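Student: One structure coming up, written as structure tokens, with questions to follow.
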Amino acid sequence: MSLVSAILESLEKMVDENGWSSVKSVTLRVGAMRQVIPDVMKFAFEVSVKGTPMEGAELAIISVPIKFSCRGCGAHWGEEELGYLCPSCGGMEVDMEQGMELELESLEVQER
Amino acid sequence: MTTKKVEVQQAVMAADLSYAQKIKDRLKEKGILMVNLIGSPGSGKTTLLEKTLGKDGLRAAVIEGDVATDRDAKRIEATGVPSIQINTDGGCHLEANWVDSTIDKLPLDELDIIFVENVGNLVCPAEFDIGEDHKVAISSVPEGPDKPLKYPLLFTEASAVVLTKTDLLPYVPFDLDLYWGDVGKMNPKAKRLDMSCAKGEGLEEWSRILRSWLEEKRNG
């Protein structure tokens, strides 16, 4: 729900700045680390947009899987081994390459 | 009226992050450490604060986040440190803009550390940067050993993981090796701490961690 409020805030700002009359669809990229259940998010979105320019808009969610990489040995891993410890070399210098996304990718909007 | 497709490619949390940065700048200038305590309802966040405040020479203040009531804030007030309550009116976490407007009400020139007791919840508070230096994940023995894997974001983001109510280990099935094994894999850099506020165990180590963080902040 809190993520949906953050999304709505961003959308409202864009609608304001661009003078669109309404938003027809919203495509969102959401990292798996964000702990989002797509159906729940869609429901929360549907309920929250009532009375806003986003009312009735369809929310599409592209799920981005978690991916880590090791700075030491260059290994890559993801969902099956969750964490900041390299499963190949045991190294701790690890980056999360993806999985934390919460990005508006594209919109379909109605212009005035 | 025409419909068109717009490519946006925009991160959603931008507004939140700008408030968080403002808080970070402010506290850096003042040399104040901010620690964000995150855990389930009943995991022992308030009790840990009661056992910490006023006992280790650090000058502290507390920002209390709660869905409703000021019960926790009253418990904190009783320790004599300044505290401010934020009621989220149903919201499941604190956000940086609220914290930003709250810290000015604290006596910043007289503080070493601000504790934020976030709303009891393992999911949303981990999502929102409130300008803190460290997140601390708090989970208790009765909640079971599977919390790290079920709520990975909090446990991977935390600088320290505190397992509370360890005095209940003889009575509750809890696999310590499984719990700390998962934490170790998910976040090998986090400090790990077994704690029993009832028995006073782990509190000295907790104090040492806080002092080392404060020192790092002031020297860094």
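The values are calculated or read from the model by the stated rules, or taken from the named source; none is laboratory data. Source: prediction; values computed, not measured. Cβ sites come from the backbone with ideal geometry, for glycine too, and all protein chains shown count toward neighbours. Each accessible area value is taken on the protein alone, full model and side chains, heavy atoms only, with ligands, DNA and RNA left out. Shrake-Rupley method; radii C 1.70, N 1.55, O 1.52, S 1.80 Å.
Student: Compute the accessible area per residue over the protein assembly as shown, keeping the other protein chains in place, probe 1.4 Å, unit Å².
Tutor: With all protein chains present, the protein assembly as shown gives 46 Å² per residue.
Student: Could you give me the ³J(HN,Hα) list for segment B:124-140, computed from phi with Karplus coefficients 6.51, -1.76, 1.60 and θ = phi - 60°, whole Hz, x at Gly and Pro?
Tutor: 5, x, 6, 6, 10, 6, 10, x, 6, 7, 9, 9, 10, 8, 10, 9, 10
Student: With a sphere of radius 9 Å drawn around the Cβ of B:Met13, what net charge do the other residues whose Cβ falls strictly inside it have (Lys, Arg +1; Asp, Glu -1)?
Tutor: -3
Student: Taking every residue in A:97-108, how many Cβ atoms of other protein chains lie within 10 Å of its Cβ, on average?
Tutor: Per-residue shielding by partner chains comes out at 4.
Student: Still on this structure: Which ³J(HN,Hα) values in Hz, rounded to whole numbers, follow from the phi angles of segment B:52-69 under the Karplus curve 6.51 cos²θ - 1.76 cosθ + 1.60, where θ = phi - 60° and Gly and Pro get x?
Tutor: Ordered by residue, 3J(HN,Hα) equals 9, 5, x, 10, 10, x, 7, 8, 10, 9, 10, 9, 9, x, 9, 5, 7, 6 Hz.
Student: Give the cross-link partners of B:Lys5 among the lysines, using a straight C-alpha distance below 21 Å as the criterion and excluding same-chain residues fewer than 8 apart.
Tutor: B:Lys5 reaches A:Lys13, A:Lys24, A:Lys42.
Student: For chain A, what is the calculated [θ] at 222 nm in deg cm²/dmol (nearest 500), taking -39500 (n - 2.57) for each run of four or more DSSP H residues and dividing by its residue count?
Tutor: Calculated at 222 nm, the ellipticity per residue is -8000 deg cm²/dmol.
Student: Starting from a Cα-only point model with no solvent, please compute log10 I(q)/I(0) by Debye for segment B:135-190 at q = 0.16, 0.22 1/Å.
Tutor: At q = 0.16, 0.22 Å⁻¹ the computed log10 ratios are -0.41, -0.77.
Student: Hey, another quick one. What average count of beta carbons from other chains do you get within 10 Å of the Cβ of residues in A:34-46?
Tutor: Shielding by partners across A:34-46 averages 1.
Student: Can you list, by residue number, the Cys in the protein assembly as shown that have no neighbouring cysteine C-beta under 4.7 Å?
Tutor: Cys with no partner Cβ under 4.7 Å: B:Cys197.
Student: Something else about it: Tell me, what % of the accessible area of chain A is carbon and sulfur with a 1.4 angstrom probe?
Tutor: Carbon and sulfur atoms account for 48 percent of the accessible area of chain A.
Student: On the full set of protein chains, 1.4 Å probe, figure out the accessible area of B:Thr102 and give it in Å² to the nearest 10.
Tutor: 10
Student: Working from the pairwise distances between different alpha carbons, so that the mean of 1/r is found and then inverted, what is segment B:2-218's Kirkwood radius in Å?
Tutor: 17.9
Student: For the protein assembly as shown, just list the percent of Cα-Cα distances falling in each 20 Å bin from zero outward, please.
Tutor: Each 20 Å bin holds this share of Cα pairs: 29, 55, 16, 0.
Student: Once you've got the Cα coordinates, tell me which of B:Lys55/B:Lys185; B:Lys22/B:Lys189; B:Lys185/B:Lys217 are over 29 Å apart.
Tutor: B:Lys55/B:Lys185
Student: When all C-alpha to C-alpha distances in chain A are sorted into bins of 10 Å, what percent of pairs does each bin hold, rounded to whole numbers?
Tutor: Cα pair-distance distribution for chain A, in percent: 14, 37, 22, 16, 9, 1.
Student: Right, next: Run down the aspartates and glutamates and flag those whose C-alpha is under 14 Å from the C-alpha of B:Lys150, throwing out any fewer than 8 positions away in its chain.
Tutor: Excluding near neighbours in sequence, the set is A:Glu79, A:Glu80, A:Glu81, B:Asp182.
Student: Another question about this same structure. Among B:Lys45, B:Lys135, B:Lys55, determine the one that fluctuates most according to a GNM of chain B built with springs between C-alpha atoms less than 10 Å apart.
Tutor: Comparing B:Lys45, B:Lys135, B:Lys55 in a Gaussian network model of chain B, the most mobile one is B:Lys55.
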